[in-house]
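The values are calculated or read from the model by the stated rules, or taken from the named source; none is laboratory data. All figures in this text were calculated on a predicted structure; none of them were measured in a lab. Note that we place each Cβ from the backbone using ideal geometry, even for glycine, and neighbour counts take in every protein chain shown. All accessible areas refer to the heavy atoms of the entire protein, side chains included, with ligands and DNA or RNA removed. Shrake-Rupley method; radii C 1.70, N 1.55, O 1.52, S 1.80 Å.
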Amino acid sequence: MVMVTSPLDFNTDRLFIDLRTVLGIPLALKCEGFNFAGSVKMKAALAMVEDAERSGRLQPGSVLVESSSGNLGVALSVIAASKGYGFVCVTDVRCNETTRRTMDALGARVHVIREPDPEGGGLLGARIKYVESLVAYDKRYVWLNQYANPANSGAHFATTGPDIAAEFPDLDVLFVGAGTTGTLMGCSRYFRQRHQDGHKKVQVVAVDAVGSVTFGGPPTSRMIPGLGTGVRPPQLDEEIVDDVVLVEEVDTIRTCRNLAGRGFLFGGSTGTVVSGAAAWLEVYGTPDLTAVAIAPDLGERYLDTVYHDSWVEKIFGSEVLDASGTTSPHRAA
């Protein structure tokens, strides 16, 4: 029996799925979506809040404010409700309706940005400008800034990386989705430090969405929230990333649906990471390679989008519903 007294105490850090038996892919999937916030963002959110508390930025009466496409917003909603803070989530029209309702239920106020920043940066740029205006208007507002906050990557250096290494001491390659790049940077720094301490080198492969500018690609419209950005993340250090795979959103949808057809309902970010990892392994994998991918989220929040036939057909065309398809890796510029 596991007894907890707070949603912040629930821990499933060592839960993995063997995709070799599920999809025939030689890959272990680290499942991060089984905490009360439903995604890997719970780690970063809690680390950033606790860091702000220690520094004195967060005090009784403070109101958290953050830009989020969804998962971090839910995580901060859980934490704010647990700790007694107010919270304003600034998101945009791509945020799933279920995610918005979840934040509402937890007591957060959700502000939806509907037009991109006319000066560049797209919807994300507009979200950040709105957050900055709130902080300038009222000193009660505290912006954690997940895009540049070192506590974001620090959470994964301290927890996610070590948890993977403990279960897979002979790991060869780790696939990590790139959003704010907090998970990517934290894990990459951990495994580089571990290599310097005498352990084998681990290749860290970033998986991003086509249309994201994170690794220098041209910006294009993206409909699935989670991975990818319209503004290059300030904390990204490409020198500690060994390779990059870009995934088309149609391949994200196919992968999510393939997993669901075998009983595993994962979110869009997870579908992107698994699709990218499968494509990379098809080219570079060997029979004795040990590979792990991080699954950031679960699928319930995507029932009206990725798993809804009418939405998929409207956005991507009916052929996506009929094709299981194999993916090919796209190299970042």
Considering only G186, L29, M223, whose Cα is most displaced toward the positive end of the charge dipole of the chain, charges sitting on Cβ of Lys, Arg (+1) and Asp, Glu (-1)? G186
If you filter the stretch 1-109 for trypsin sites (Lys or Arg not before Pro), then keep DSSP loop positions with at most 14 other Cβ within 10 Å, what is left? R14, R57
Sequence gap at least 6, Cα distance under 8 Å: using those rules, report the relative contact order of the chain to the nearest whole percent. 18 percent
Go through (i) 5, 24, 30, 20, 7, 3, 3, 3, 3, 1, 0; (ii) 6, 27, 37, 23, 7, 0; (iii) 6, 26, 33, 23, 10, 2, 0 and flag the label whose value is the computed P(r) over Cα pairs in 10 Å bins from 0, in percent for this structure. (ii)
Would you mind telling me the antiparallel percentage of the DSSP bridges in the chain, rounded to 5? 20 percent
Over 20 Å, how big is the tail of the calculated P(r) for the stretch 173-312, in percent of all Cα pairs? 46 percent
Around C95: net Lys/Arg minus Asp/Glu count, Cβ-Cβ under 15 Å: +1
My understanding is that a pair violates if its Cα-Cα distance is over 25 Å; which of K43/K83; K41/K129; K30/K129; K30/K314 do that in this structure? K30/K129; K30/K314
For the Y284, Q193 Cβ pair and Förster radius 22 Å, calculated FRET efficiency rounded to 0.05 is 0.35
Please list, ordered by chain and number, the residues whose modelled amide H lies under 5 Å from the amide H of E32; skip anything fewer than 5 residues away on the same chain. A295, D297
Plugging the Kirkwood radius over Cα pairs into Stokes-Einstein for the stretch 113-235, at a temperature of 25 °C and a viscosity of 0.890 mPa s, what D comes out in µm²/s? 153 µm²/s
Over the stretch 39-127, with every protein chain in place, what whole percent of the accessible area is carbon and sulfur at 1.4 Å, could you tell me? 48 percent
When Lys and Arg each count +1 and Asp and Glu each count -1, what net charge do the other residues less than 15 Å away from L321, Cβ to Cβ, add up to? -3
Accessible solvent surface per residue of the chain, calculated while the other protein chains remain in place, 1.4 angstrom probe, Å²: 43 Å²
Keeping all protein chains in place and using 1.4 angstrom, which order do T286, T214 fall into by accessible surface area, from largest down? T286, T214
Filtered hits (aspartates and glutamates, Cα-Cα < 13 Å from K200, offset >= 8 within chain) -> D170, D172
Report the Cα centroid-to-centroid distance between the stretch 197-268 and the stretch 55-100 in angstrom, as an integer. 23 Å
Considering only the stretch 1-132, percent of DSSP beta bridges that pair antiparallel, nearest 5: 30 percent
Out of the trypsin sites (Lys or Arg not before Pro) in the stretch 153-202, which ones are loop residues according to DSSP with at most 15 other C-beta atoms within 10 Å? K200, K201
